[in-house]
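The values are calculated or read from the model by the stated rules, or taken from the named source; none is laboratory data. All values reported here derive from a predicted model rather than from experimental measurement. When we count neighbours, we look across all protein chains shown, and the Cβ atoms used for this are built from the backbone with ideal geometry, even at glycine. The area values use the complete protein model at the heavy-atom level, side chains included, leaving out ligands, DNA and RNA. Shrake-Rupley method; radii C 1.70, N 1.55, O 1.52, S 1.80 Å.
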Amino acid sequence: LGNTDIKKPLPRNIYPIEKGDFIVMPVLASAKADYDGQAVIEYTDETIPVAKIAYKGYPKDECSVLRVSGDSMYPKLLDGDYILVHRQTSVDSGSVAVVIYNGDEATVKKVRYKSGEDWVELIPVNPEYQTKRIVGIDLEKCHVFGLVLGLVYRDI
């Protein structure tokens, strides 16, 4: 009732960020959140500030910002969102990753596999899309580009 000094508590997983807590990163490319999107590294002049806390302890020079294209990860990731990705060649089963498959197609999906078995599944969040199972010889044309650390920007 007129008292403006009362501060509401922040929701869980939301942290206050100070002015110096950002690193400006170039946007490396687009990553399809659908299937059948060619993996093309398209350097642009676009940059985006990323909160240092978003790196989750990974070195900045091992991370890239990618723009999401498509809606297979809706509502977690929307078309046009920017994600921070730690470039690495493997992820734990259940992780969300950028995966290159069929040699040159890239997608953002939850990855599921069983150690010692000859398959990997790329799982969308959006129920309008089907899980893609990659098996046998096709696994030779499939690799992880990186682990998705999180959403860093959404234009709302």
Quick one: which of 109/141; 52/109; 60/141; 60/110; 52/110 span more than 20 angstrom between C-alpha atoms? 52/109; 60/141; 60/110; 52/110
Which net charge results when you count Lys and Arg as +1 and Asp and Glu as -1 among the other residues whose beta-carbon is under 10 Å from that of residue 93? +1
Order the peptides 145-151, 50-56 from the highest to the lowest mean number of other Cβ atoms within 10 Å of their residues. 145-151, 50-56
Work out how far the C-alpha atoms of region 48-156 reach from end to end along every principal axis, then list the three figures in whole Å, largest first. 41, 32, 23
Averaged per residue, what accessible area in Å² does region 35-156 show with a 1.4 Å probe, protein chains only? 57
Just the number, please: carbon plus sulfur as a percent of the accessible area of region 82-142, 1.4 Å probe, no ligands or DNA/RNA counted. 44
If I take every Cα pair under 8 Å that is 6 or more residues apart in region 69-156, average their sequence separation and divide by the length, what percent do I get for the relative contact order? 40
